[in-house]
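Structure, as structure tokens:
The values are calculated or read from the model by the stated rules, or taken from the named source; none is laboratory data. The model shown is predicted, which means the values in this text are computed figures rather than measured ones. Don't worry about glycine lacking a Cβ; one is built from the backbone with ideal geometry, like all the others, and counts go over all protein chains shown. These accessible areas exclude ligands, DNA and RNA; they are computed on the full protein's heavy atoms, side chains included. Shrake-Rupley method; radii C 1.70, N 1.55, O 1.52, S 1.80 Å.
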Amino acid sequence: MEMQELAKAFEEEKPKKKVLPIVAFAIGLVALLAGVILLALKLNANSIASDAERLVEIGAFMKEDEAGVIWQFTEIGKGKLTTNNHVNDYDFIWAIEGGKLKIETDWLYELEDEFDYEIDGEKLVLDGEIVFLPAQVD
């Protein structure tokens with residue numbers, strides 16, 4: 001009888017051994033998902049920084065159909081614009097957030113604009129239809 005009781009004792013411990021691998025798998029899966037999410041966030045942050053650096057690198061953009069409209073990205077977060085070929089220049093601040101180019105201009109009154117943007121080669125395309133080309137600034 002002792003042998004049968006001993007065998008039952010070992011049989012009862014087997015289900016506990018199945019729980020440990022399942023828990024380890026679940027923890028590994030959660031760690032993997034967290035890693036993928038962090039990687040995606042990091043890659044997205046690098047993309048935003050690259051776009052901002054690209055705007056500053058190109059520097060000035062002239063509106064395709066209005067030669068007097070020039071936006072100059074002087075440094076990350078700051079710039080100047082003119083709508084009349086530098087008769088009047090205005091300072092603006094800008095940021096890229098959530099896939100949008102946000103520009104705040106201190107004109108006669110404060111303007112806050114938000115655009116979907118795309119940098120296509122050296123072109124700046126806003127809202128899919130407003131095209132700015134690289135410009136030379138004196």
Just the residues that are open to solvent by 70 Å² or more (accessible area, probe 1.4 Å) and modelled with pLDDT under 90, please, taken from the stretch 98-121.
G98, D106, W107, L108, Y109, E110, D120
Write out, first by first residue and then by second, each pair whose Cβ atoms fall under 7 Å of each other, whose residues are 6+ apart or on separate chains, and whose first residue, in the stretch 28-57, is modelled with pLDDT of 90 or more while the second is loosely packed, with under 12 Cβ neighbours inside 10 Å.
V56/E75
Checked L55, L81 against criteria (assigned to a strand (DSSP E or B), surrounded by 14 or more Cβ atoms within 10 Å (Cβ to Cβ), aliphatic (A, V, I, L, M) and touching a Phe, Trp or Tyr at 6+ places or on another chain (Cβ under 6 Å)); the one match is L81
